[in-house]
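Inspection log for the structure reproduced underneath, given as structure tokens.
The values are calculated or read from the model by the stated rules, or taken from the named source; none is laboratory data. What you see is a predicted model; the values in this text were computed from it and never measured. Ideal geometry is used to build each Cβ from the backbone, glycine not excepted, and the neighbour counts take in all protein chains shown.
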Amino acid sequence: MEQTTILQMHEVNKTFDKVKALDNVEFELKSNEILGLLGGNGAGKTTLMNVLYGLYKMDSGSIILNGKPITIPSPKDAIAHGIGMVHQHFLQINNYTVLDNIILGTSVSRPWTADRKKEKAAIEELCKRFGLEIDLDAYIETLPLGVRQKVEILKALYRGVNILILDEPTTNLIPQEVDALFETLKIMVKEGLSIVFITHKLREVLHICDRISVLREGKNVVSLTRKDASDEMLVRAMVGEGMDLQKSVIFSESSKKIITTKRETVLQLENVSLVNSDKINVLSDISFEIGAGEILGIAGVAGNGQRDLAEVVMGIQTATSGTIKFMNEDITQSSTKENISRGFVYIPEDRLADGFLHKASVAYNLILGYHNLPPYSNKGIVNWKNVNAASREMIKKFTIKTTGPDDAGGNLSGGNIQRVMIARAFSQSSKLMVAHNPTRGLDIPSMDFVYKNIFEHAETGMATLLLSEDLDELLLISNRIAVMYRGKIVGILPREKFDKYAIGRMMSGYDQESK
Amino acid sequence: MTQIKKSLPYIIAVVGAFIAAGIFIAAIQYNPFEAYKTLITTSFRTPNGFIQTLMKWVPLTLTALAFTVPLSSGKYNIGAEGQFLAGAIGATTVGILLADLPPALLIPLVIIAGIITGALWGLISAWLLYQFNINEILSTVLLNFISFQLVDYVATGPWRDPSAGAPTTIAIGQNGYLPMLIKNPPLSIGVILMILVAIGIYFYTNKTTSGYELVATGANPRAAKVHGIDTRKMFLLSMVIGAAAAGLAGAMEVSGVQHRLIEGIHSNFATLGLIIGLISRGKNQAVPFVAFFIAVLEVGASAMQRTMMIPSQVVLIVEALIVIFILLSDLIKRRQK
């Protein structure tokens, strides 16, 4: 098929506060192609596409569509130009049906009645054409994330876009759903669409994309076709020259020192259940144990009780029944404070709500939870000299971008807030770490740094409960993976039995329902 | 440089408020420059003026702290008035019942009684919040109304002073009067007590782990809880500390100034305390300084009314405008982001 350039972006610049998010970025999209926009967190991929979709205004630069320069002041204009975008967080109305969500905001043929037969027929036609199987009369809140994503894609198709931007579309999908999405994308390209696929996952790019463009720190690094691309050069393009790939956890095979020998049990859960304040069984009959130095991964689609599990272990919520034992001591009724003094550390999932004090200084944040312990305090008096010295050290070691310990927490970006939580967690010589999506929002070298720290602490005997929505992360560093579905552990696999598709099946509850 | 940049919004807010109120003064046919000269200089021209200012400074600082300490944990105590009155009632009761005790006993008892009754009055709201999650703004405001009735009851009951025109109790025992630093014009040691309390609260919130937990709770209660801080306890504690400060103010007003319970003894201290707390943006360590500034304005205001016939309410306009301008500068700062 003859491919022509349909869209170009020239010398795009965008600055947030003082951070240069996009620095003279060039971008080109051809007809009938899937373009992989690759880069770590903070590389500027999403920012660039938000500019194209009219969500951000660029400081300078130009956009040329089909040979004509255009401006895109708002998403409405983007759609008028045939550009659609599916964000990581879907903007859908939960108690509306799929059909209502799709046609919301478009003009309908018979506005004075509730008759939408014509629209429904048109959407059904689209579904058939692109191989998207959806029940249009289902309510959004009843649908799993994979289906809700299809709704979002349909929304764009229904508005007649011919350029579709997908922002990290595989984040919350199980492997089977990822395959299905890729099939849809291939059909879409055949039907004449062009697709921009934003991702930080190398394998996906090599699997599906025709061309690959890599961004790093807001700059173009390289653009090439898949034929010319190799694993190693893409990795290098993404992480830059500074990182030693041989010594990294993510890219080097040799450094994966996963300890599998059985050691003394640190944490043990026996038939733990939790009924929340709405009388819903959020955890049922959870049993597992973690040995010293072991990393137990918890896989599962977001919202299957992972957060409640983490909070029950930490003592933030108290189990309704069952027992939790730490070093053979019953801690089911223990408070968070007691658990912290036992050597528990927690990296919460929701860093904005659960992990960070926006209105307090960076130093306040770095000692949160450990403020009762020496050297931070003695007999109820805070030793600010020690706190500030330790804070400066952590800021340096974990490359937190801040002016110093007294800087206001509110001045930090998302990635730096994550670094504060990581620094805080690793500042202690802990016995048990509960980490929930610990690397969300971090760039690749920082992710690697986190893994190295987990391994280092594991070597001293720390047990880790790693709850993650990133299956690749779990497969990379866990000794065993337990899969959660609707508040239950549906299976625990040892490392030698790791299989992406088997885990995906368990995550979707397929095994449960067939029983 | 950054310090100047940081304080610039305050300076603009204060200057802006004076200019805006100046226009108002001119509009009601008075000379704003003369008015402001009286307003600012009265406190410093005569010893009498200065001591009056100090006497206002004491209750203003304490009632402002009654607002800002709970605010450090994120709770709004609008009940300083009721807690002040509860403190005044407690102090009066002890002062009358135990009038025959020697000063070394009676003075501390009167003051402690005021602190305890003030704290208990605040504890009602704090406990309702702790136990039933009842909004503290509502409960503290409503308890103010109850306290007015209580003062009425005590001041018109068996202890009523029949010779007084307004509802007033008889005087507390002379041994319960706060010692004077200066006899004439009268200045009690209350000012020293207040400074000690302000320093104590600064030390508590900034140097102790409990104070750290208080600030962390105010900064993000959910994150504080997740990291092992008993946030409900911090809510309770901060409300009670604030209420105790207001109770102390009430006790010192009885023991150091009026020597009896008078209906309306609370003046407008609690309202001004709120304004002071807002101008300080809830920072406990800024409260004494802002309170002093407001005390200067208040003393100047009565002088202005006496000598120039300008209604003293003009000062309330200035104070309110400062608050509004400071809040406005916050808004502008947020918009710029």
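The condition (being assigned to a helix (DSSP H, G or I) and surrounded by fewer than 17 Cβ atoms within 10 Å (Cβ to Cβ)) is satisfied by just one residue among B:Ile107, B:Ile51, B:Ile23: B:Ile23. Selection of the range A:19-47 for residues being basic (Lys, Arg) and surrounded by 19 or more Cβ atoms within 10 Å (Cβ to Cβ) yields only A:Lys45.
Only residues that are in contact with a Lys or Arg (Cβ under 8 Å, 6 or more places away or on another chain) and hydrophobic (A, V, I, L, M, F, W, C) were counted in the range A:296-326, giving 3.
Please specify each residue of the range A:344-380 satisfying the condition of being facing chain B (nearest Cβ under 7 Å), among the hydroxyl-bearing types (Ser, Thr, Tyr) and closer than 20 Å to A:Asp407 by Cβ. A:Tyr364, the sole residue that qualifies.
Within the range A:2-16, being in contact with a helix residue (DSSP H, G or I) (Cβ under 9 Å, 6 or more places away or on another chain) and either surrounded by fewer than 18 Cβ atoms within 10 Å (Cβ to Cβ) or under 16 Å from A:Val196 (Cα atoms) (or both) holds for A:Leu7, A:Met9, A:Phe16.
Just one residue in the set A:Gly315, A:Gly293, A:Gly240 is more than 14 Å from every other protein chain (Cβ to nearest Cβ), of a type in the set (Gly, Ala, Ser) and crowded, with 17+ Cβ neighbours inside 10 Å; that residue is A:Gly293. Take the conditions (1) touching a His at 6+ places or on another chain (Cβ under 9 Å); (2) not in a loop (DSSP other than H, G, I, E, B); A:Lys325 misses just one of them, which is (1). Residues that are touching a Phe, Trp or Tyr at 6+ places or on another chain (Cβ under 9 Å) and in contact (Cβ under 8 Å) with a residue 40 or more places away in the chain were ranked within the range A:224-243; the one that is farthest from A:Gly44 (Cα to Cα) is A:Met243. Can you say whether A:Lys262 is assigned to a loop (DSSP other than H, G, I, E, B), out of contact with any Phe, Trp or Tyr (no Cβ under 8 Å at 6 or more places or on another chain) and either modelled with pLDDT of 85 or more or at positive phi (or both), as far as the supplied structure shows? Against the criterion (assigned to a loop (DSSP other than H, G, I, E, B), out of contact with any Phe, Trp or Tyr (no Cβ under 8 Å at 6 or more places or on another chain) and either modelled with pLDDT of 85 or more or at positive phi (or both)), A:Lys262 does not qualify.
Listed here are the residues, each with its yes/no results for (1) crowded, with 20+ Cβ neighbours inside 10 Å; (2) at the interface with chain A (Cβ under 10 Å from one of its Cβ atoms).
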position: B:Leu181; (1), (2): no, no
position: B:Met194; (1), (2): yes, no
position: B:Gly200; (1), (2): no, no
position: B:Gly218; (1), (2): yes, yes
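Identification of helices (runs of 4 or more DSSP H) wholly contained in the range B:220-287 with 3 or more residues that are in contact (Cβ under 8 Å) with a residue 24 or more places away in the chain and closer than 29 Å to B:Ser302 by Cβ yields B:231-252, B:269-279. Counting the residues of the range A:435-457 that are assigned to a helix (DSSP H, G or I), more than 15 Å from A:Asp244 (Cα to Cα) and in contact (Cβ under 8 Å) with a residue 60 or more places away in the chain gives 2. Annotation note: of A:Ala482, A:Ala423, the sole residue that is part of a strand (DSSP E or B) and either in contact with a helix residue (DSSP H, G or I) (Cβ under 8 Å, 6 or more places away or on another chain) or under 22 Å from A:Pro175 (Cβ atoms) (or both) is A:Ala482. Counting the residues of the range A:327-339 that are under 24 Å from A:Trp384 (Cα atoms) and buried (at least 22 other Cβ atoms within 10 Å of the Cβ) gives 0.
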